[in-house]
Amino acid sequence: MRTLFLFLFALQSLGQVALASTPTDPLAYFRDLAETRNYTLGRPVAAKLTPDGRSVIYLRGGPRDPVLRLYEFPLPAGPERELLTPAQLLGSSPETLTAEEKARRERARISTRGFTKFDLSPDGSRLLVTLSGQLYVVNRADLKVTALPGKNWIDPRFSPDATAIAAVSAGELHVIELNVAPLAARALTSGATATLTHGTAEFVAQEEMARSEGYWWSPDSRFIAYQQTDESAVEVRHIADPLHPEATPTRFAYPAAGTTNATVRLGVIARSGGATRWLQWDAAQFPYLTRVVWRETDAPLAFTVMDRAQQTALLLRADLGTGSTTELLRETDPAWVNLDERGGFPRWLPGAKEFLWSSERSGTWQIELRAADGNFIRTVTPPDFIYKGFAKLDSGRGAVYLAGSQDPRETQVWRFPLSGGLGVALTAGQGQHAATFSEDASAFIHSYDLFNGTSGTEILASDGQLLTVLPSRAEKLPLLPRVELTRTAGEPSFFAAVVRPRDFDAKKKYPVILYAYAGPHSTVVNATARAYLNDQWMADQGYIVARLDGRGTPFRGRDWERAIRGNLIDLALADQVAGLRALGAQFPEMDLSRVGVTGWSFGGYFAAMATLRRPDVFRCGVAGAPVITWENYDTFYTERYLGLPQTDPEAYQVSSVLSYANKLERPLLLIHGLTDDNVYAQHTLQLCDALFMAGKPYEFMPMLGTHMAGSSDPIVKLRQQQRVMEFFARHLSTR
């Protein structure tokens, strides 16, 4: 349930921001938001510096066009040139996706079309794109496009020596040699079935581990490590298209909490084919393959595994000759061990005598330097630095570049010396900043969004000096949300955001809408203006919209995050109520006798629980795609927090919405995509049935879509949000 948050715009100051005064029609305003994807369409996507540092390659659509095309910007000053468009390859034919590709995009929360990703060969001479399952190689020099043999390809990537491509089709790992005529796809693996695949990640790896890869090239391009996945014992679910009952339902292997997971093996095979060398570890004790790293030329193949309880993780080094493994280090935690979803560790230094590692062992995320045998050498980052992601190791300059901050609401690009000591921020302006470095770390692509309405993508030198700016076609924000970031009084203190109507009258009292997520791994209070554009739309209809981050959310230390172990709702609900009341005391314009709550995914779960359990606080609620019974959510996410239902039934009972269904006193609107393959529509239907049997009235809005229902269709999104606001108007308009 890794919810996709677009941390896009940044606040220049903590406090109220000046607004455009021109009135805007509510429907036109929201339609603009939907059609521009919050004014992000038309910006460079997935930009990469070429190895020679002379160009930047990226994807981009139009300001209201989600179809991505391939572009190049020669440095230092351009001009930009369009390399390839989907129309050049497909003509008037529509783009088609297999069920597997649709599922992978759902896992990655991709709602754009066209070239949604590309691979740049390590020598920079070629580009690789996929469209409708077909592979195409583009020669940068003359833009010659070569269609590669085969179809329905998944996850294609160049070999490090740029002479071959590996990709998966029909459950088998293939190699296409680019310098051998005629071009042919050669299968390295065999034996795939409906339940046995090679080279792709299983569901929980893609959805919950932030691992989409199922194979890894060796640095010398001679071998490929790959995952074998056996789902024969995994529970099977089927999703039917409700508009086409004549169509065969789509089959999904979905491991619900307490049930059997996929059986995963990791093997190594020569690029030329032959027998697979299977790597050995105690897979019965450590069944989860969480990370595989085979990146540096002189470094070993290393991977991390985790036990089912997710309380112990091992970093293992592989011996390719024997298949044996050596434990380099282990991480343990009595609650759970978090995965570093943004690091890709270990990161080996040249010579492979030392590596970087990230750990929460001290109570907060820190980067460590360790010897080749795993022994601790020193910490690289101080405990007060909030680590949010790895950017680049620059061993030549003795530095590491990281994403992080000293305030959980923002992200900057930092440089720290490998020798330890104080770091320096290379970016400025409160908000969200991201960096993608060149191979030699001499420059980086800097993407930023600032709360003053500016955003962009530029090239900076490694010291932060501006080199050039990449062109964007995105529309400018027509106005800024009237958002105030604050921190509640009392202990514990919560970061909060308050959005007021643009015609705000300090003498009036306004009903309140609490927009909540309130769950693990995501925050909703961020120094980004773009995050509050929808809140402003709601506020302009006569509300104050509030957000809070309570315990259980990231970036405030180990104990803060793990306080929810064994109970996903009680503390989360208590913190949101306490924070809401603290905001009411701070801002008397908030009418706490008229409060509604809304959220999606875990936020939908929270909204349903808040409406059921705290009718004294919440007059109504809107729950989108809520988890209702945790026994019906996946293993890796659910068991991390609640344990197994067989051994911790009380945790599941107290965290189940069904436990409180007969307590409903307030209006509740439920929304769910009927083809959701993450939080199945089963969840909401279970609650509907329980409410019906208890004689409790409710409203249900089924949608034709997945967990991202409405995210890619502006009209669908508009109608959905109109329905939500109509619901709030009916139940919050009167005292």
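The values are calculated or read from the model by the stated rules, or taken from the named source; none is laboratory data. Everything numeric in this text was worked out from a predicted model, so none of it was measured. Glycine also receives a Cβ, built like all others from the backbone with ideal geometry; neighbour counts cover every protein chain displayed.
Is it the case, given these coordinates, that F345 is outside the structural domain of E639 (by TED's automatic domain parsing), part of a loop (DSSP other than H, G, I, E, B), hydrophobic (A, V, I, L, M, F, W, C) and touching a residue at least 40 places away in the same chain (Cβ under 8 Å)? Taking the combined requirement at face value, the residue satisfies it.
One line per residue, one yes/no per condition, for (1) more than 19 Å from P160 (Cβ to Cβ); (2) surrounded by fewer than 23 Cβ atoms within 10 Å (Cβ to Cβ); (3) touching a residue at least 60 places away in the same chain (Cβ under 8 Å):
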site: G199; (1), (2), (3): no, no, no
site: E207; (1), (2), (3): yes, no, yes
site: G214; (1), (2), (3): no, no, no
site: Y226; (1), (2), (3): no, no, no
site: V236; (1), (2), (3): yes, yes, no
site: L243; (1), (2), (3): yes, yes, yes
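Just the residues that are in contact with a Phe, Trp or Tyr (Cβ under 6 Å, 6 or more places away or on another chain) and under 25 Å from E639 (Cβ atoms), please, taken from the stretch 358-391. Selection gives S358, W365.
Filtered by the rule that a residue be among the aliphatic types (A, V, I, L, M), in contact with a strand residue (DSSP E or B) (Cβ under 8 Å, 6 or more places away or on another chain) and not in a loop (DSSP other than H, G, I, E, B), the stretch 649-683 gives L668, L669, L670, I671. Scanning the stretch 285-317 for residues that are over 25 Å from R222 (Cβ atoms) and among the small types (G, A, S) yields A309, A313. Quick one: would you say T629 is among the β-branched types (V, I, T), more than 21 Å from the chain's Cα centre (by Cα) and over 26 Å from A489 (Cα atoms)? Spelling it out, T629 is indeed among the β-branched types (V, I, T), more than 21 Å from the chain's Cα centre (by Cα) and over 26 Å from A489 (Cα atoms).
Selection of first residues in the stretch 28-45 that are in contact (Cβ under 8 Å) with a residue 12 or more places away in the chain and of second residues that are among the charged types (D, E, K, R) and in a helix (DSSP H, G or I), restricted to Cβ pairs under 6 Å at least 6 apart or on distinct chains, gives the following pairs, ordered by first then second residue: A34/K717; N38/R530. Filtered by the rule that a residue be farther than 30 Å from F158 by Cβ, part of a loop (DSSP other than H, G, I, E, B) and not aromatic (F, W, Y), the stretch 286-314 gives P287, D307, R308, A309, Q310, Q311. Summed over the stretch 388-439, residues that are of a type in the set (V, I, T) and free of Cβ contacts under 8 Å to residues at least 60 places away in the same chain total 4. Filter the stretch 504-532 down to residues that are farther than 25 Å from Y637 by Cβ and touching a Pro at 6+ places or on another chain (Cβ under 8 Å) and give me whichever is surrounded by the fewest Cβ atoms within 10 Å (Cβ to Cβ). For the stretch 504-532, the residue satisfying everything is K509. Taking the criterion of being in contact with a strand residue (DSSP E or B) (Cβ under 9 Å, 6 or more places away or on another chain) and outside any strand (DSSP E or B), the residues of the stretch 138-150 that qualify are R140, L143, K144, L148, P149, G150.
Restricted to the stretch 536-632, the set of helices (runs of 4 or more DSSP H) holding at least 3 residues that are aromatic (F, W, Y) comprises 602-613. Within the stretch 204-251, being over 28 Å from S121 (Cβ atoms) and in contact with a helix residue (DSSP H, G or I) (Cβ under 8 Å, 6 or more places away or on another chain) holds for V204, E207, E208, T250. Scoring V293 on the criteria (1) farther than 26 Å from V679 by Cβ; (2) surrounded by fewer than 19 Cβ atoms within 10 Å (Cβ to Cβ); (3) β-branched (V, I, T) leaves a single failure, condition (2).
Close Cβ contacts (under 6 Å, 6 or more residues apart or on different chains) running from residues in the stretch 322-336 that are under 17 Å from Y641 (Cβ atoms) and of a type in the set (A, V, I, L, M, F, W, C) to residues that are part of a strand (DSSP E or B) and at pLDDT below 95 are absent. Just one of (1) at pLDDT 95 or above; (2) surrounded by 16 or more Cβ atoms within 10 Å (Cβ to Cβ) fails for R342. It is (1). Scanning the stretch 466-491 for residues that are over 20 Å from P44 (Cα atoms) and of a type in the set (S, T, N, Q) gives T486, T488.
Is there a residue being among the polar types (S, T, N, Q), without any contact (Cβ under 8 Å) to a residue 40 or more places away in the chain and in contact with a strand residue (DSSP E or B) (Cβ under 8 Å, 6 or more places away or on another chain) anywhere in the stretch 83-103? So far as the stretch 83-103 goes, yes, one or more of its residues are among the polar types (S, T, N, Q), without any contact (Cβ under 8 Å) to a residue 40 or more places away in the chain and in contact with a strand residue (DSSP E or B) (Cβ under 8 Å, 6 or more places away or on another chain). If only residues of the stretch 491-501 that are within 13 Å of G550 (Cα to Cα) and either of a type outside the set (D, E) or in contact with a strand residue (DSSP E or B) (Cβ under 6 Å, 6 or more places away or on another chain) (or both) are counted, the one that is surrounded by the fewest Cβ atoms within 10 Å (Cβ to Cβ) is S493.
Does the stretch 35-43 contain any residue that is in a loop (DSSP other than H, G, I, E, B), within 30 Å of A461 (Cβ to Cβ), among the small types (G, A, S) and modelled with pLDDT of 95 or more? Yes, the stretch 35-43 contains a residue that is in a loop (DSSP other than H, G, I, E, B), within 30 Å of A461 (Cβ to Cβ), among the small types (G, A, S) and modelled with pLDDT of 95 or more.
Taken as a whole, the structure leaves A275 outside the set of residues that are closer than 22 Å to F203 by Cβ, part of a loop (DSSP other than H, G, I, E, B) and more than 25 Å from the chain's Cα centre (by Cα). Within the stretch 456-464, at least one residue is in a strand (DSSP E or B) and within 22 Å of the chain's Cα centre (by Cα). Taken together, A441, A428, A403 contain a single residue that is under 20 Å from K388 (Cα atoms), among the aliphatic types (A, V, I, L, M) and assigned to a strand (DSSP E or B), which is A403. The strands (runs of 3 or more DSSP E) located wholly in the stretch 466-522 that include 2 or more residues which are of a type in the set (G, A, S) occupy 495-499. Taking the condition of a type in the set (S, T, Y), part of a helix (DSSP H, G or I) and buried (at least 20 other Cβ atoms within 10 Å of the Cβ), does Y641 pass? Answer is yes for this residue. Residues in the stretch 188-236 that are among the acidic types (D, E) and within 21 Å of E106 (Cβ to Cβ): E202, E207, E208, E213, E231, E235. Of Q686, Q646, Q722, all but one fail to be surrounded by fewer than 16 Cβ atoms within 10 Å (Cβ to Cβ), out of contact with any strand residue (DSSP E or B) (no Cβ under 9 Å at 6 or more places or on another chain) and assigned to a helix (DSSP H, G or I); the exception is Q722. The strands (runs of 3 or more DSSP E) falling completely within the stretch 151-231 that include 3 or more residues that are farther than 30 Å from V337 by Cα and among the small types (G, A, S) map to 164-169.
For the stretch 681-711, the set of residues classified as modelled with pLDDT under 95, more than 24 Å from V545 (Cβ to Cβ) and among the polar types (S, T, N, Q) consists of T706 only.
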